[in-house]
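Notes follow once the structure below has been shown.
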Amino acid sequence: MLASLVGLGVARLPREPALMVILAGVVALALGMVRARLIARPHPGLGLALLLLSIPLRSLATAEVNGSAIGLTEAATAIALVWMVAFRRPGRVLLPRALVPLTLFVGFAAMTGSWAADPTLGFKEVAKWLQLLVALVATVDLARRPSDLGPVLAAGGLALVAEAGAGILQAALLLGPDSFLVGPLLRAYGTFEQPNPFAGYLALQLPVALALFLRPRGVRRWAGGAVALVAGAGVLLSLSRGAWLGLAFGVPAVAAASRVGARRALLGAGVLIAVGAVVLLTLNFTVGLADLAPTRLRLIGEGIVGIPETTEEFNKGNYAVLQRVAFWTAAVRMIAAYPFGGVGLGNFAARYSDFNLGRWPESLGHAHNFFLNLTAETGFIGLALFLAFLFSVLAAALRAARTVGPYRAVAIGAAGTLLVFAFHNLVDSVFVGGLGVIVGIAAGLALSLDPNGGSSRRPSG
């Protein structure tokens, strides 16, 4: 009788919420059966693997809550948290020191809603940061016994190949909207509905696959190489310059660390920063800035001529670049007006009309620079807390990359993921569509493998 009533209620729900209710019911049923000892205790890594698999499927089922879209990734985050608590291996919970600045950041970012124009817009952003937190803690907890991370790595690899394969087929068969056509090519977009987050999804995970391929021997080497090859093809066909920029730093750093050690990798990364900046300016931004003579740039710098007039001189070739310049300028104006606390988490688009350049009335959701967007919404306080977290995790990843052991390749790959995240975000935002989960897993791997104690105890087993 009870089951019939529940089934009738679910049947009356719209399709997407019904899928979420069914998913939650299946998990609850599994928990009950385990408690009753009707089925064996499941693997502790399956919850996190499910969360990772949900990212490319997020758009298949969404529901509106307080004006924010809640998808499969949000539901899978709750499941992953419950799974970690219910099925984790015995032992104390490991809490990395890097959680301190991250937790302070999330708390402060949520608090900015108290002075935001629309506090409800911050709910979706807080959910993204909670996804990162859950993924990080779950990864560190699983890394107490590294073999428990096997299902997570396998799920990530399979999903990556499937997503990249879908994008490659779209590009090859021209299966997509006309707006994605660039000459005779169609930009691959997979299940993300847009090429840039699709490319971000592939690029963030590619360094781990590459690091496994560059390890001296083992079956995982060839599996990693195959995954990296397919993912690289998907990123290439996305025509996402932001992802290309991220990989321009992440891939050489992984290669250098795998071959000659982390110290030379750092030196190589420094050289690549200089070379990459030149390449970015000459290849990606030359067309966009071609109409801006040196004299005009100098006048802008001196405040004699404003950027608003400059961004009106757009054409088909420079449109994308000048559009970003307009968004960055609006973000800088917000920061100047609200330097410490920002305009409120998630409120860049809501306040954009107060700071925009008249010819560019729509914000497209964010500033197309993660760090500027973060500072505009949470001020320099929020930026400082986030950078403290990011640099502490990067330092842990580099320390782990210098060690010699069976998991060195994973540490190197995690460092590459964090570098891709940092550099891609200079010209876009890849903190969308559940991609924060990948960053959380990479951070968890780096912290758990840090020989200097990124967490309270190094992994064993």
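The values are calculated or read from the model by the stated rules, or taken from the named source; none is laboratory data. Since we're looking at a predicted model, the values are computed, not measured. Don't worry about glycine lacking a Cβ; one is built from the backbone with ideal geometry, like all the others, and counts go over all protein chains shown.
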Is it the case that GLY346 is modelled with pLDDT of 50 or more, in a loop (DSSP other than H, G, I, E, B) and under 21 Å from VAL427 (Cα atoms)? yes
Please specify each residue of the stretch 145-179 satisfying the condition of being touching a helix residue (DSSP H, G or I) at 6+ places or on another chain (Cβ under 8 Å), surrounded by 15 or more Cβ atoms within 10 Å (Cβ to Cβ) and outside any helix (DSSP H, G or I). GLY176
Looking for whichever is under 20 Å from the mean Cα position of the chain (by Cα), part of a helix (DSSP H, G or I), among the aliphatic types (A, V, I, L, M) and within 16 Å of PRO252 (Cα to Cα) here; the options are VAL420, VAL393. Which one fits? VAL420
Take the residues of the stretch 349-372 that are hydroxyl-bearing (Ser, Thr, Tyr) and either within 25 Å of ALA422 (Cα to Cα) or assigned to a loop (DSSP other than H, G, I, E, B) (or both): which is modelled with the highest pLDDT? TYR352
Has the stretch 217-238 got any residue that is part of a loop (DSSP other than H, G, I, E, B), at pLDDT below 90, within 25 Å of ALA159 (Cα to Cα) and out of contact with any Gly (no Cβ under 7 Å at 6 or more places or on another chain)? yes
How many of the residues making up the stretch 89-108 are part of a helix (DSSP H, G or I), in contact (Cβ under 8 Å) with a residue 12 or more places away in the chain and of a type in the set (A, V, I, L, M)? 4
Going through GLY67, GLY25, GLY107 one at a time, which residue ends up being at pLDDT below 65, under 30 Å from ALA376 (Cα atoms) and of a type in the set (Gly, Ala, Ser)? GLY67
